[in-house]
Amino acid sequence: MGLVTSTEMFKKAYEGGYAVGAFNVNNMEIIQGIVGAAEAEQAPLILQVSAGARKYANPVYLRKLVEAAVETTGLDICLHLDHGDDFDICKSCVDSGFTSVMIDGSKHPFDENLALTKKVVEYAHDHGVVVEAELGKLAGIEDAVNVADRDSTFTDPDEAVEFVERSGCDSLAVTIGTSHGAFKFKGEPQLDFERLYKISELLPGFPLVLHGASSVPKEFVDLCNQYGGQIPGAKGVPEDMLRKAAKSGVCKINIDTDLRLAMTASIRQVFIENPEYFDPRQYLGPGRNAIKAMVAHKIKNVLGCSHKR
Ligand code: G3H
Ligand code: 13P
Ligand code: ZN
């Protein structure tokens, strides 16, 4: 019991054809909502902290909250740095007890990304910490309309093999048409599955990661908009596509936007229905419940990792 690396989680997920959810955390209610769902579902769990979250909440607070989650639930939790963009932030997380870090060198040319990733891998592995790397630029399929654009932004299967072998990374985030945020597709949602199959075929047994994997459920967008939100045209990755990815070597699926939508929709609703409320517990409590319901849904119906602890 305690903070663990993702190694065992990914091994079991790969063999079982399911994915582990990696959920972004920014405060106590978000952590409690996610952890409550993972506990109820007896699911493996990755909690991830972005640079923005560290800045917002103070890294010490977030780490202590995650430690509290482990202490109160007995769950094994992987504490992961999301999108570390240089060596120093990765080192700082390794030194402060994270069990996994992402070095995101995807904006650099191949050789620079490789050199940076290798440096982080060396330091992290020396300290028993695992490393996720990224190859390819995360852009929606709309931003890569023609084959030439896709080939220059999406992960190249042969390069992926070379990158994994030479960097020593433990998992690799690949780009096949997902993107961050609530506006992923202008037209019909579409992912480059042929590319994913090729990468996974060339890297048997190796865990792949899908970023930008929120589904942006219409009911939550509608709820937000109904209660005064302004997010028309939001569109995410259909859940059946995520289930398909989970059966093709994708062991980690990143979800942040859907948590934001669920929490914000519920808080908006509380205020519209109860304009007299001013105790933060009156809206943060329902916000926490909404996160818990969303994560339970992902675990059961999308990731397939219920009872896989
Ligand atoms: O991939 C990014 C995550 O959604 C984190 O977002 O940088 O606003 O914390 P953030
Ligand atoms: P979403 O914005 O689709 O939730 O993606 C989150 C993510 O990839 C965090 O790294
Ligand atoms: Zn991401």
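The values are calculated or read from the model by the stated rules, or taken from the named source; none is laboratory data. Please read all numbers here as calculations on a predicted model, not as lab measurements. Don't worry about glycine lacking a Cβ; one is built from the backbone with ideal geometry, like all the others, and counts go over all protein chains shown.
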Within segment 208-225, of all residues that are within 16 Å of ligand 1 (Cβ to nearest atom) and in a strand (DSSP E or B), the one farthest from G177 (Cα to Cα) is V209
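This table checks each residue for (1) more than 16 Å from ligand 3 (Cβ to nearest atom); (2) outside any helix (DSSP H, G or I); (3) among the hydrophobic types (A, V, I, L, M, F, W, C).
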position: G21; (1), (2), (3): no, yes, no
position: Q48; (1), (2), (3): no, yes, no
position: K55; (1), (2), (3): yes, no, no
position: V66; (1), (2), (3): yes, no, yes
position: A69; (1), (2), (3): yes, no, yes
position: D82; (1), (2), (3): no, yes, no
position: I89; (1), (2), (3): no, no, yes
Just one of (1) more than 30 Å from D192 (Cβ to Cβ); (2) over 15 Å from the mean Cα position of the chain (by Cα) trips up I291, so point out which.
-> (2)
Please work out which one of (1) more than 19 Å from the chain's Cα centre (by Cα); (2) within 16 Å of ligand 2 (Cβ to nearest atom) is the condition G84 fails and give its number.
-> (1)
Of the residues in segment 105-121, those that are assigned to a helix (DSSP H, G or I) and free of Cβ contacts under 8 Å to residues at least 12 places away in the same chain come to D111, E112, A115
Count, please, the residues in segment 226-278 that happen to be over 20 Å from L210 (Cβ atoms), buried (at least 24 other Cβ atoms within 10 Å of the Cβ) and within 16 Å of ligand 1 (Cβ to nearest atom).
-> 1
Just give me the residues in segment 149-178 being assigned to a loop (DSSP other than H, G, I, E, B) and either acidic (D, E) or surrounded by fewer than 21 Cβ atoms within 10 Å (Cβ to Cβ) (or both), in sequence order.
-> D156, G168, D170
Go through L75, L135 for me and flag whichever is farther than 21 Å from R309 by Cα and either modelled with pLDDT under 95 or touching a strand residue (DSSP E or B) at 6+ places or on another chain (Cβ under 7 Å) (or both).
-> L135
Test: R260 is basic (K, R) and farther than 30 Å from I199 by Cβ = no
